[in-house]
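The values are calculated or read from the model by the stated rules, or taken from the named source; none is laboratory data. Values in this document were obtained by computation on a predicted structure and should not be read as measured data. Every residue, glycine among them, receives a Cβ derived from its backbone with ideal geometry; neighbour counts consider all protein chains shown. Remember, those area values only see protein heavy atoms, side chains included, never the ligands or the DNA or RNA. Shrake-Rupley method; radii C 1.70, N 1.55, O 1.52, S 1.80 Å.
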Amino acid sequence: MSKPSLPQGTRDFSSETVRKRNYILSTIKNVFECYGFEPLETPAMENLETLMGKYGEEGDRLIFKILNNGLNDPKNEAKAKEGFEKLLNGKNSTALTERALKYDLTIPFARYVAMNHGQLTFPYKRYQIQPVWRADRPQKGRYREFTQCDADVVGSTALINEVELSNIYHAVFVKLRLNNYSLKINHRKVLAALAEKIGGADSLTDITVAIDKLDKIGIDKVNLELNQRGLSVTQIDFINQYLNVNGNNEEKLNKIELLLSNNHLAADGIKELRFIVQTASKVNIDIDFTLARGLNYYTGTIFEAKAPAEVQIGSIGGGGRYDNLTALFGVNNIPGVGISFGVDRIYDVLDELNLFPQDIQISTRALFFNMGTEESKFSYAVMQSVREKGIPCELYHEQAKMDKQFKYADKKNILFAVIIGSMEMENNVCILKNLSTGEQQQISLTELPNLL
RNA sequence: GUGGUUGUAGCUCAGUUGGUUAGAGCACCAGAUUGUGAUUCUGGGGGUCGUGGGUUCGAGCCCCAUCAUCCACCCCA
């Protein structure tokens, strides 16, 4: 038998890791609940049809598909072979695969809303914390199975939702002591206005893909890429003016207003951004007109949360407004806006900056030493009475040298040692030792629970 | 999907132009120490050198393939 291994890009989470992850997840969850969002969970797998075509060509390629069962049944053989031929020609075949692992939480959510809109109370505010899968090649901060935390509001076009979601980002990051985060925002209508203004509305994708890389590859390479994508010198020149818009948020808005004047798309977008920036005044919002994000379904404001600059990890969250996501599933007029937290990356950031609190690793408060057969029976009974008070504790599993029992307590971050030997048994007392300070005292057994 | 990096003990890594029985530190176990964590000392267990082929009298080292890993691109959280 070969050594056991894990599929590429997946991970086991040790006890310590799970505790750290839960710290992040419960922080996010509490904030979501605090803002009136309700939980939702959807299955790990969806019908392939539900997912295909929703994430662009690149996205389709990264969807994990599940092979149908029973393909080796003789009566399915012809179908299976035909399906395989189709697959070789780059087409999907329900004869081979009709289910897939979910790729994100947004599309399954849209499917859910489309299926249940009759019963839901709008605006419907839901949050969802679940794993998703992508057949991407793993690298730093990138896995094939990872957890997303989404909060969306559907059935409302009110801008207050964008403000709320910005405040959620702020609340979560502050609670995680990630005070230097930045929340970049932009508006799809501003980007569209830029494309319109230079007379290349149809090249919107080309423009945004290129300018999105500005802070990564620099202006020269962006211009080169724009050139390669077929834009003229005058067009590139105008884009450069657009990219040069700088200053604080208000200054940027004023400058872009001037640059994209007499364009109703730009006017709309700028008005909305201005409202959000002014209303969500406590949030570290940084208007960034180069922010593009996936162009699939966003139509209004777009968000991207960045880790503090000293950590070389890109985006730790993102989101935006979509006009009509459920239309993909035949239900119209349900606009929405949502955000997502990238837990796995937030984990890496907190780890790198040493921001996990120490006390999240403590589970057992007290270790009862095992001093012998009779002693341990006695200790066990005492321990059970302490457990009844809700204090987590354990008895060392066998009689062993104290040295060994101390080391066990050390490794498990246990705070106290409770030692009951024959002498203590006779007098109904115990030795309570604080393992971090080394101080110890003899106390009566009735007092014990109060001192733990 | 494209290009590159690295695979030797539980962990971090040495290992000479290819040459005896593959090493160290940490960790683990036992003892010195039969009711108090340290330090020190002594002893001990652990490896198909990622896997499969090839070259050679001889391979941890060279060649091919494969798997895994990490990194970059694409894209993304």
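For the reader, a short list of remarks on this structure follows.
- Selection count, the range A:129-158, where residues are of a type in the set (S, T, N, Q), in contact with a strand residue (DSSP E or B) (Cβ under 7 Å, 6 or more places away or on another chain) and at pLDDT below 90: 0
- A:Lys65 within 27 Å of A:Glu145 (Cα to Cα) and touching a Ser or Thr at 6+ places or on another chain (Cβ under 7 Å): yes
- Residue within the range A:343-351 that is in a loop (DSSP other than H, G, I, E, B) and either in contact with a Lys or Arg (Cβ under 9 Å, 6 or more places away or on another chain) or surrounded by 15 or more Cβ atoms within 10 Å (Cβ to Cβ) (or both) present: no
- In the range A:408-427, the residues that are within 22 Å of A:Ile391 (Cα to Cα) and at pLDDT 90 or above reach residues that are basic (Lys, Arg) and within 8 Å of RNA strand B (Cβ to nearest atom) with C-beta atoms within less than 9 angstrom, at least six apart or across chains, in these pairs: A:Phe416/A:Lys433; A:Ala417/A:Lys433; A:Val418/A:Lys433; A:Ile419/A:Lys433.
- The range A:307-317: number of residues that are in contact (Cβ under 8 Å) with a residue 12 or more places away in the chain and surrounded by fewer than 23 Cβ atoms within 10 Å (Cβ to Cβ): 7
- Spans of strands (runs of 3 or more DSSP E) in the range A:373-452 with at least 2 residues near RNA strand B (Cβ under 10 Å from one of its atoms): A:416-419, A:429-434, A:440-444
- For the range A:23-50, the set of residues classified as in contact (Cβ under 8 Å) with a residue 24 or more places away in the chain, assigned to a helix (DSSP H, G or I) and farther than 23 Å from A:Thr121 by Cα consists of A:Tyr23, A:Ile24, A:Leu25, A:Thr27, A:Ile28, A:Leu48, A:Glu49, A:Thr50, listed by residue number.
- In the set (1) surrounded by fewer than 15 Cβ atoms within 10 Å (Cβ to Cβ); (2) in contact with a strand residue (DSSP E or B) (Cβ under 8 Å, 6 or more places away or on another chain); (3) of a type in the set (Lys, Arg), A:Arg111 fails one condition alone, (1).
- Any hit, the range A:10-28, residues being open to solvent by 40 Å² or more (accessible area, probe 1.4 Å) and over 22 Å from A:Tyr347 (Cβ atoms): no
- Residues of the range A:315-365 satisfying the condition of being of a type in the set (Gly, Ala, Ser) and in contact with a Gly (Cβ under 6 Å, 6 or more places away or on another chain): A:Gly317, A:Gly319, A:Gly338, A:Ser340, A:Gly342
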